[in-house]
């Protein structure tokens, strides 16, 4: 009952979802009484493997071919590794890259695929939890049979502790170059605006509580004072008060900053889905029963027009 989890990296950096996949993979392996194997494909596989060799992992397999993600390389490598390690469960990040090769691999292996999973139970058969209607409804999907693949949504599992005592080996994989139909020649950032919130370490985010567009100047002053990036909930973007690249939430950016300050944001599930992975969440809201306080590490019940100026004065001093 071996579980094979696939790590992900981009432009030389191992992505957070890789260690989250270790946690989810360990859960799946424990549920099924099996081992957890992790595949790291392309890039600086030695450095990535050192990070991924967590105590929760049994074996890390390195596929040293190319520098960046390539559909054909990943499809071949994952298919071969799945068969060579005798896996019956495949776990892939639910990301642009993961959703690129997961259908191809599972089609070749002829196993069912469940995407965008936020939780699962595999005691007996797989019961995968997914969300619908913008996160308002959770659904459970039962999968028959002992073999299957899932893609896991980033930030839903805690990342595993990096490094440890796992075995690291060169993968038993042969890449057929004649089957590679494309090459990566470089990266060009999409025109998403002046900031990529998914890379931000400190975000000040504003919601409906701002009342009027003219009041945004106050929040921008706070962000500037703190050296933070400015984010927003969907209503402000829908009103065109801030551009789309500033939207945090299920239909916007998924962010994992060190600090996230939610100001005048009630905490709707769609917004929370995009920021609950922040290390420290600070909420400012006039409603003491606002759902945002359920996930906040620090909560301030008060009028933002009173609280924010005091914060600016405090940090300017």
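What follows draws every value from the coordinates through simple rules; no lab data is involved. Keep in mind that what you see is a predicted model, and the values were worked out from it rather than measured. Positions of Cβ are backbone-derived with ideal geometry, glycine not excepted, and every protein chain shown enters the neighbour counts.
Below, the figures for the structure above:
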quantity: Degrees separating the helix 304-316 axis from the principal Cα axis of the chain, which is the longest one; calculated: 80 degrees
quantity: Packing-based exposure ordering (other Cβ within 10 Å, fewest first) of 282, 298; calculated: 298, 282
quantity: Using alpha-carbon coordinates, inclination of helix 96-109 to the longest axis of the chain, degrees; calculated: 30 degrees
quantity: The stretch 23-174: translational diffusion in µm²/s, Stokes-Einstein, Kirkwood Rh over Cα pairs, 20 °C, 1.002 mPa s; calculated: 135 µm²/s
quantity: Exposure proxy order (Cβ contacts within 10 Å, fewest to most) of 187, 48, 202; calculated: 187, 202, 48
quantity: Cα-projected label distance for residue 127 with residue 184, points at 7 Å along beta-carbon direction, nm; calculated: 3.8 nm
quantity: Likely footprinting exposure, 248, 137, fewest C-beta neighbours within 10 Å first; calculated: 137, 248
quantity: Fully extended contour minus Cα-Cα distance, from residue 251 to residue 44, at 0.36 nm per residue; calculated: 71.3 nm
quantity: For the stretch 197-316, alpha-carbon Rg and Dmax in angstrom; calculated: 12.6, 34
quantity: Per-pair calculated FRET efficiency, R0 = 35 Å: residue 1 and residue 170 via Cβ, rounded to 0.05; calculated: 0.90
